[in-house]
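**Student:** The structure that follows is given in the form of structure tokens.
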Amino acid sequence: MNRQRAAQMRISPLHIQQGVFLLLALLVTLVVGQQLMSWHYSQQTEAPHVSIQHATQTHFSAVSSSQAENAPMRMMEVDQPQPVDDLPRQERWVF
């Protein structure tokens, strides 16, 4: 049945021309709208530029590993692990 309906439908060159023109008009409208939004956004975010003078570093000092080797090693206290059942449950939202 669909083939019969499709065969009966006649598409004239005028319909094709109108469809192509419609697509071209839509494309031009979208491109112009995008450029307009880009121009509008650049006008909003444009702020006066403030230049900040930073002191330039003139020399570099090498990091020596001998300081780390001479430093006494210290043990840090670590909290004892708690069983999972004792920890408070956190609510989780799943969408």
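**Student:** So for the pair residue 43, residue 9, with labels modelled 7 Å out along Cα→Cβ, what separation do we get in nm?
**Tutor:** Calculated label separation equals 4.4 nm.
**Student:** While we're here: Calculate the spin-label point distance for residue 27 paired with residue 94, positioning each point 7 Å from the Cα along the beta-carbon direction, and give it in nanometres.
**Tutor:** Placing both labels 7 Å beyond Cα along the Cβ direction yields 4.7 nm.
Each reported figure results from applying straightforward, stated rules to the coordinates on display, with no laboratory input. None of the values given here were measured: they were computed from a predicted structure. Reconstructed Cβ throughout: ideal geometry from the backbone, glycine too, with neighbour counts over all protein chains shown.
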